[in-house]
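K.L.:
One structure follows; several queries about it will come next.
The values are calculated or read from the model by the stated rules, or taken from the named source; none is laboratory data. Keep in mind that what you see is a predicted model, and the values were worked out from it rather than measured. Because the Cβ atoms are built from the backbone with ideal geometry, glycine has one as well, and the counts that use them run over all protein chains shown.
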């Protein structure tokens, strides 16, 4: 190789290494600045969270909450849209240069609850409490907006902050969509998170289902059969789909957080399951005949789809074959379906920044029949729904949502703002 060519290649290689090193240094600097800004505003975010907690509002009544959110976003200098699907709010942050468009969603409603509050900053609205963590979700989203405003000159792209009402009654997402949300925002990616009983300081996700797929199955028969005998047969046929032993540790839902068998363990017992709600069967005469219904939780699409084939075979092999018309799956709750590519990319990016001990890959799914209407947003853009730990076991703080003694370690607010601000910065990179 001629000497001048060798020198040119050496210089070119040196330039490439220098550019890569500079990019890495710049990236680390941004995330350090994010953490410093989060530390500066942390106390104010705790104050905001406690304000939301003291003045909770159920779905459809979030007037005060949405007003506070809109005021905060306007003070940051964001473009703000209000009254979307009821009390929905959207804040729009445009970076210094055009680029990718990313949405972050936070739900803001509280729940009816007559149980006494377990914190000093108790609810002032009798019969209403934040026992699902949406006060934390709203505070984290406002914190992310605050942090990213400080990085505006370094951002290439647009960030949409979607504050959604009426999540608990599974109305808010659809109402925002029907009211033109996606005429206002055009996200190429969309993200959300929910507080869970995982330890504070951690976040977690997995591809596809995060919660069990909760469905109703209807068995349809002709009317000319003995109703009592048919109902007994139908119930047994539906019960036969369950594949978890009655004595299994699976049924203690506290085990979902167990490091050896829980949903974040590669050896999880919360996978490949079909379970039946044994207290929720019905039989009803309809125009077409008789309908027997039962409710199921499926860990994944494979379990769900196999159930209908198994039922049909069981019935076709029975004395009721000639009177059997159909077996149908009926949607009850929306099913979250995380984008596999985005899950893999985002978990790696967050692990590189915050370490593998804090960024968990889930292997199982939440098995107690819950979901989130963020699922209605997911077909609009590739998306990921994260779990964020809110528990502090040493202090006896357990972030078990919907429980009377729900509480969070407020340090999780800092985790959420840091991790997800960093995530959005990384995802905006060209």
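K.L.:
For the stretch 128-145, check the following and say yes or no: at least one residue is surrounded by fewer than 20 Cβ atoms within 10 Å (Cβ to Cβ), modelled with pLDDT of 95 or more, touching a strand residue (DSSP E or B) at 6+ places or on another chain (Cβ under 6 Å) and in the same structural domain as residue 74 (by TED's automatic domain parsing). First the steps, then the outcome.
P.N.:
Applying the first criterion (surrounded by fewer than 20 Cβ atoms within 10 Å (Cβ to Cβ)) to the stretch 128-145 yields 128.
Narrowing further to those that are modelled with pLDDT of 95 or more: 128.
Now narrow it down to the ones that are touching a strand residue (DSSP E or B) at 6+ places or on another chain (Cβ under 6 Å): 128.
Going one step further and asking which of them are in the same structural domain as residue 74 (by TED's automatic domain parsing), we end up with 128.
So far as the stretch 128-145 goes, yes, one or more of its residues are surrounded by fewer than 20 Cβ atoms within 10 Å (Cβ to Cβ), modelled with pLDDT of 95 or more, touching a strand residue (DSSP E or B) at 6+ places or on another chain (Cβ under 6 Å) and in the same structural domain as residue 74 (by TED's automatic domain parsing).
Rundown of residues vs (1) farther than 30 Å from residue 408 by Cβ; (2) without any contact (Cβ under 8 Å) to a residue 40 or more places away in the chain; (3) within 18 Å of the chain's Cα centre (by Cα), yes/no style:
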site: 170; (1), (2), (3): no, no, yes
site: 178; (1), (2), (3): yes, no, no
site: 213; (1), (2), (3): no, no, yes
site: 237; (1), (2), (3): yes, no, no
site: 252; (1), (2), (3): no, yes, no
site: 256; (1), (2), (3): no, no, yes
site: 268; (1), (2), (3): no, no, no
site: 275; (1), (2), (3): no, no, no
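K.L.:
If the requirement is being in contact with a strand residue (DSSP E or B) (Cβ under 9 Å, 6 or more places away or on another chain) and surrounded by fewer than 17 Cβ atoms within 10 Å (Cβ to Cβ), which of these qualifies: 184, 203?
P.N.:
184
One line per residue, one yes/no per condition, for (1) crowded, with 17+ Cβ neighbours inside 10 Å; (2) outside any strand (DSSP E or B):
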{"site": "322", "(1), (2)": "no, yes"}
{"site": "325", "(1), (2)": "no, no"}
{"site": "328", "(1), (2)": "no, no"}
{"site": "335", "(1), (2)": "yes, yes"}
{"site": "344", "(1), (2)": "no, yes"}
{"site": "352", "(1), (2)": "no, yes"}
{"site": "357", "(1), (2)": "no, yes"}
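K.L.:
List every residue pair whose Cβ atoms lie under 6 Å apart, where the two residues are 6 or more positions apart in sequence or sit on different chains, the first residue falls within the stretch 412-430 and is farther than 15 Å from residue 191 by Cβ, and the second residue, located anywhere, is part of a helix (DSSP H, G or I) and at pLDDT 95 or above.
P.N.:
Every condition considered, the pairs that remain are 413/45; 413/139; 413/140; 414/38; 414/42.
K.L.:
A follow-up question, please. State whether the residues of the stretch 219-227 include one that is at pLDDT 95 or above, in contact with a strand residue (DSSP E or B) (Cβ under 6 Å, 6 or more places away or on another chain) and within 22 Å of residue 400 (Cα to Cα).
P.N.:
No, the conditions are met nowhere in the stretch 219-227.
K.L.:
Name the strands (runs of 3 or more DSSP E) wholly within the stretch 138-218 that hold at least 3 residues that are under 27 Å from residue 295 (Cα atoms)? Can you show your working first?
P.N.:
On the way: elements: 156-164, 189-199, 203-205.
Because the criterion is at least 3 residues that are under 27 Å from residue 295 (Cα atoms), the strands (runs of 3 or more DSSP E) in the stretch 138-218 that meet it are 189-199.
K.L.:
A further question on this structure: Identify all residues within the stretch 228-259 that are part of a loop (DSSP other than H, G, I, E, B) and exposed (fewer than 11 other Cβ atoms within 10 Å of the Cβ); write none if there are none. If you could, list the steps in order and put the result at the bottom.
P.N.:
Taking the stretch 228-259 first, the residues part of a loop (DSSP other than H, G, I, E, B) are 240-248, 252, 258-259.
Answer for the stretch 228-259, where residues must be part of a loop (DSSP other than H, G, I, E, B) and exposed (fewer than 11 other Cβ atoms within 10 Å of the Cβ): 245, 246, 247, 252, 259.
K.L.:
Does residue 363 satisfy the criteria of being modelled with pLDDT under 95 and surrounded by fewer than 19 Cβ atoms within 10 Å (Cβ to Cβ)? So that I can check it myself, show each step before the final result.
P.N.:
Working: modelled with pLDDT under 95: no; surrounded by fewer than 19 Cβ atoms within 10 Å (Cβ to Cβ): yes.
Spelling it out, it is not the case that residue 363 is modelled with pLDDT under 95 and surrounded by fewer than 19 Cβ atoms within 10 Å (Cβ to Cβ).
K.L.:
Taking the stretch 379-408, which residues are buried (at least 21 other Cβ atoms within 10 Å of the Cβ) and not in a strand (DSSP E or B)?
P.N.:
399, 406, 408
K.L.:
Still on this structure, please answer the following. Kindly establish whether residue 275 is in contact with a helix residue (DSSP H, G or I) (Cβ under 9 Å, 6 or more places away or on another chain), closer than 14 Å to residue 216 by Cβ, crowded, with 20+ Cβ neighbours inside 10 Å and at pLDDT 95 or above. Lay out the reasoning, then the answer.
P.N.:
Numbers: in contact with a helix residue (DSSP H, G or I) (Cβ under 9 Å, 6 or more places away or on another chain): yes; closer than 14 Å to residue 216 by Cβ: yes; crowded, with 20+ Cβ neighbours inside 10 Å: yes; at pLDDT 95 or above: yes.
In short, yes.
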